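Here is the structure we will look at, set down as structure tokens.
The values are calculated or read from the model by the stated rules, or taken from the named source; none is laboratory data. For clarity, every value in this text was computed on a predicted model and none was experimentally measured. Please note: Cβ atoms are built from the backbone with ideal geometry, for glycine as well, and neighbour counts cover all protein chains shown. To get the accessible areas, we keep the full protein, side chains included, count just its heavy atoms, and leave off ligands, DNA and RNA. Shrake-Rupley method; radii C 1.70, N 1.55, O 1.52, S 1.80 Å.
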Amino acid sequence: MRRTPRPTALGLAAVALASALILAACSGSSDAGGSSDGGSNGSSDGSTTTTTVTAAPAGEKADGPAVPSAGCGESVQNGVLEEKQFLDDSERWFLLTTPDDIDQDTPLPLVLDFHGLSEGAEVHARMTELPKYGQEHGFIVVSPQGTGTPVKWAVDPDIEANADLQYTQDLLDQLEAELCIDTSRVYSTGLSNGAFMSSVLACTMADRFAAVAPVAGLIRPESCDPSRPVPVLAMHGTADPILLFNGGVGERLNNVLGGGKISDSVPPDEKPIPEAALDGLGYPAAANEWALGNGCTGDPVDEDLSASVIERTWDCPPDGVVEFLVIEGGGHTWPGSEFSNKLENIMGPTDMDTNANDLIWQFFQRFQLG
């Protein structure tokens with residue numbers, strides 16, 4: 001095993017966009033970073049599927065044929081940037097971004113990017129900049145909007161009981177009917193509560209998502225029972241002041257929940273963030289549970305991806321790759337985001353030497369549904 005990461009300074013100030021663990025405690029999922037009962041065949045609603053994944057080695061792209069959606073050959077929305085659109089017969093909305101110079105007969109990959117609790121789609125899109133990135137790299141980005149005050153995602157892994165999972169199904173149906181999407185290359189990512197949502201989608205909709213990439217919030221609920229191994233790329237900062245690396249909630253979040261003001265949410269006597277244990281509980285344990293569920297074997301191997309990122313991998317089947325990126329000194333943030341970097345007093349440090357969008361897109365391109 002690799003060394004314990006070096007300690008880093010505690011980011012100051014309050015929680016605002018990143019208080020997602022509240023939802024995990026209220027929605028029936030396991031504790032953030034908790035364990036599960038392992039993976040098995042069959043979807044969470046009891047149905048079965050023969051969906052498989054075509055996988056390419058690291059650094060390469062899956063080269064299977066595209067699977068055109070029903071919208072191919074219809075009218076095309078060309079060069080849209082963060083346009084607000086509504087789900088049919090519903091007040092629920094989402095932001096749509098499409099690349100420039102696309103045509104109605106070319107199926108494109110689709111990435112759903114889920115916001116954190118209290119953040120909302122518009123703020124989250126500014127943070128990740130995935131819409132602009134998708135335009136530049138030739139894929140469609142949809143930033144869905146949750147519900148409630150504060151705005152959030154329910155992450156109970158029961159499709160029949162969870163309106164947000166039903167919304168996601170309906171959203172995919174509408175997008176595939178109206179746009180020319182490669183249905184073999186549909187992916188999900190998100191931050192915090194949005195990372196919870198992406199995790200649950202891997203549990204419940206393995207027939208529709210080729211891979212997921214939760215940032216600062218990988219979970220595997222006890223009832224997680226995907227119909228196939230789902231490739232997972234997760235990342236979490238060792239200095240996360242909101243969702244602690246080894247599980248639990250930071251004191252500044254508890255202070256806000258107890259009635260404190262956001263502008264004064266760091267108690268004077270706040271304890272330092274515990275030193276991260278790479279082999280401890282919390283998010284390392286959640287990544288290990290995904291590896292076990294995907295059929296990976298052996299002890300994990302840690303390598304330095306960069307000066308600030310440890311890449312943890314397992315001996316996994318090609319279609320069930322699990323990678324856990326430890327962002328040394330990173331906070332509850334989107335690596336490489338200028339927006340996140342400006343919120344250090346709220347969310348902790350942002351690793352500006354790491355580009356989460358590059359890492360996520362490189363990972364996604366390795367996998368497509370068969």
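Give segment 277-290 a look and list any residue that's of a type in the set (A, V, I, L, M, F, W, C) and within 16 Å of Ser198 (Cα to Cα), or say none. Reasoning before the result, please.
Here is the first cut: in segment 277-290, the residues of a type in the set (A, V, I, L, M, F, W, C) are 277-278, 281, 285-287, 290.
Hits for segment 277-290 are Ala286, Ala287, Trp290.
Identify, please: which residue in segment 201-215 is over 8 Å from the mean Cα position of the chain (by Cα) and of a type in the set (Gly, Ala, Ser) and is, among those, surrounded by the fewest Cβ atoms within 10 Å (Cβ to Cβ)? Don't jump to the end; show me each part of the working.
Looking only at segment 201-215, we keep the residues that are over 8 Å from the mean Cα position of the chain (by Cα), and these are 201-211.
Imposing the further condition that a residue be of a type in the set (Gly, Ala, Ser) reduces the set to 202, 206, 210-211.
Numbers: Ala202: 29, Ala206: 23, Ala210: 28, Ala211: 28.
Taking the candidates together, the pick is Ala206.
Of everything in segment 146-158 that's buried (at least 19 other Cβ atoms within 10 Å of the Cβ) and either among the aliphatic types (A, V, I, L, M) or in contact with a strand residue (DSSP E or B) (Cβ under 9 Å, 6 or more places away or on another chain) (or both), which residue is nearest to Pro226 (Cα to Cα)?
Residue satisfying both the conditions and the ranking: Val155.
How about segment 339-370: which of its residues are touching a helix residue (DSSP H, G or I) at 6+ places or on another chain (Cβ under 9 Å), more than 24 Å from Pro231 (Cα to Cα), of a type outside the set (S, T, N, Q) and not in a loop (DSSP other than H, G, I, E, B)?
Phe339, Ile346, Met347
Could you tell me which residue of segment 273-304 is surrounded by the most Cβ atoms within 10 Å (Cβ to Cβ), considering only residues that are under 21 Å from Ala58 (Cα atoms) and within 20 Å of the chain's Cα centre (by Cα)? Reasoning before the result, please.
Residues of segment 273-304 under 21 Å from Ala58 (Cα atoms): 287-288, 290-304.
Subset that is within 20 Å of the chain's Cα centre (by Cα): 287-288, 290-294.
On the way: Ala287: 28, Asn288: 20, Trp290: 34, Ala291: 26, Leu292: 18, Gly293: 24, Asn294: 23.
So the residue we want is Trp290.
Mind listing whichever residues of segment 125-145 are of a type outside the set (D, E, K, R) and either farther than 21 Å from Gln362 by Cα or open to solvent by 10 Å² or more (accessible area, probe 1.4 Å) (or both)? Reasoning before the result, please.
Step one: filter segment 125-145 for residues of a type outside the set (D, E, K, R), giving 125, 127-128, 130-131, 133-135, 137-145.
Matches in segment 125-145: Tyr133, Gln135, His137, Gly138, Pro144, Gln145.
Only one of (1) closer than 20 Å to Leu130 by Cβ; (2) at pLDDT below 95 is not met by Ala234, so which one is it?
(2)
Has segment 9-31 got any residue that is at pLDDT below 90, farther than 30 Å from Glu275 by Cβ and either open to solvent by 20 Å² or more (accessible area, probe 1.4 Å) or touching a Lys or Arg at 6+ places or on another chain (Cβ under 8 Å) (or both)?
The answer is yes, given that some residue of segment 9-31 is at pLDDT below 90, farther than 30 Å from Glu275 by Cβ and either open to solvent by 20 Å² or more (accessible area, probe 1.4 Å) or touching a Lys or Arg at 6+ places or on another chain (Cβ under 8 Å) (or both).
Somewhere in segment 164-179, is a residue at pLDDT below 95, closer than 20 Å to Ile102 by Cα and buried (at least 24 other Cβ atoms within 10 Å of the Cβ)?
yes
Name every residue in segment 341-359 that is at pLDDT 95 or above and under 18 Å from the mean Cα position of the chain (by Cα), in order of residue number.
Thr350, Asp351, Thr354, Asn355, Ala356, Asn357, Asp358, Leu359
Determine whether Cys203 is part of a loop (DSSP other than H, G, I, E, B), over 13 Å from Leu112 (Cα atoms), touching a Cys at 6+ places or on another chain (Cβ under 9 Å) and at pLDDT 95 or above.
Details: part of a loop (DSSP other than H, G, I, E, B): no; over 13 Å from Leu112 (Cα atoms): yes; touching a Cys at 6+ places or on another chain (Cβ under 9 Å): yes; at pLDDT 95 or above: yes.
Considered against the rule, which asks whether it is part of a loop (DSSP other than H, G, I, E, B), over 13 Å from Leu112 (Cα atoms), touching a Cys at 6+ places or on another chain (Cβ under 9 Å) and at pLDDT 95 or above, Cys203 comes out as no.
Which ones in segment 172-200 are in a strand (DSSP E or B) and either more than 9 Å from the chain's Cα centre (by Cα) or not small (Gly, Ala, Ser) (or both)? Working first, answer last.
From segment 172-200, those in a strand (DSSP E or B) are 181-191; that's our starting set.
Ile181, Asp182, Thr183, Ser184, Arg185, Val186, Tyr187, Thr189, Leu191, listed by residue number.
Looking at this structure, is Trp334 crowded, with 21+ Cβ neighbours inside 10 Å and not in a loop (DSSP other than H, G, I, E, B)? Can you show your working first?
Working: crowded, with 21+ Cβ neighbours inside 10 Å: yes; not in a loop (DSSP other than H, G, I, E, B): no.
When the stated conditions are applied, Trp334 does not pass them.
Taking segment 251-280 as the region of interest, how many residues are over 30 Å from Trp361 (Cα atoms) and modelled with pLDDT of 80 or more? Can you show your working first?
Filtering segment 251-280 for residues over 30 Å from Trp361 (Cα atoms) gives 251-275.
Subset that is modelled with pLDDT of 80 or more: 272-275.
So the answer is 4.
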